[in-house]
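These notes are about the structure you will find just below.
We did not get these values from a lab; they are worked out from the coordinates using the rules stated. The shown structure was predicted, so the numbers you read here are calculated from the model rather than taken from an experiment. Because the Cβ atoms are built from the backbone with ideal geometry, glycine has one as well, and the counts that use them run over all protein chains shown.
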Amino acid sequence: MFRRKKKDEPTDAPVAPEAAAEAPAAEQPIAESAAPEAQTASVEAAPAASETSSAPAASETESKGAVAKGRRGNRVQKVGTVSSDKMQKTVVVRVDRQVLHQKYRRYVRRTSKFMAHDELGATVGDRVRIVETRPLSTRKRWRVVEIVQKAAK
């Protein structure tokens, strides 16, 4: 096991570097005391400049927009085929994906169905892009963003 060093015990480092380390530390507070005065002067000058110009106000609104956008985060998007449009403003989108089978090492097709809110008027067979959204009804939690490709008639 290791034993702790006591505060009284001398360290293995030579005495000369410790003395050199203490000297800049004594000079440092003098430099720090001068720096805050310069910083406060620049801080006091900055608000006066922002009051006279309209450019900083524009950057403040942009930063607020970025914060609001950042809160939402990235929403999941999927591309699928409309399989049903029998409901009003709702379509059923079938999303296919391929998964590697654990045992046979072959790709297997898996299908998921999502109910999506449709304001664009997608019909059966259309390729659409859907994005996740807040719950709109019991099973509807997706929204159609765009129609990627119309169905061939």
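Before moving on, here are some points about what is shown:
- Protection proxy ranking, peptides 86-93, 103-110, 132-139, average beta carbon neighbours within 10 Å, highest first: 86-93, 132-139, 103-110
- Prolate/oblate/rounded label for the range 107-153 (Cα gyration tensor, a/c 1.5): oblate
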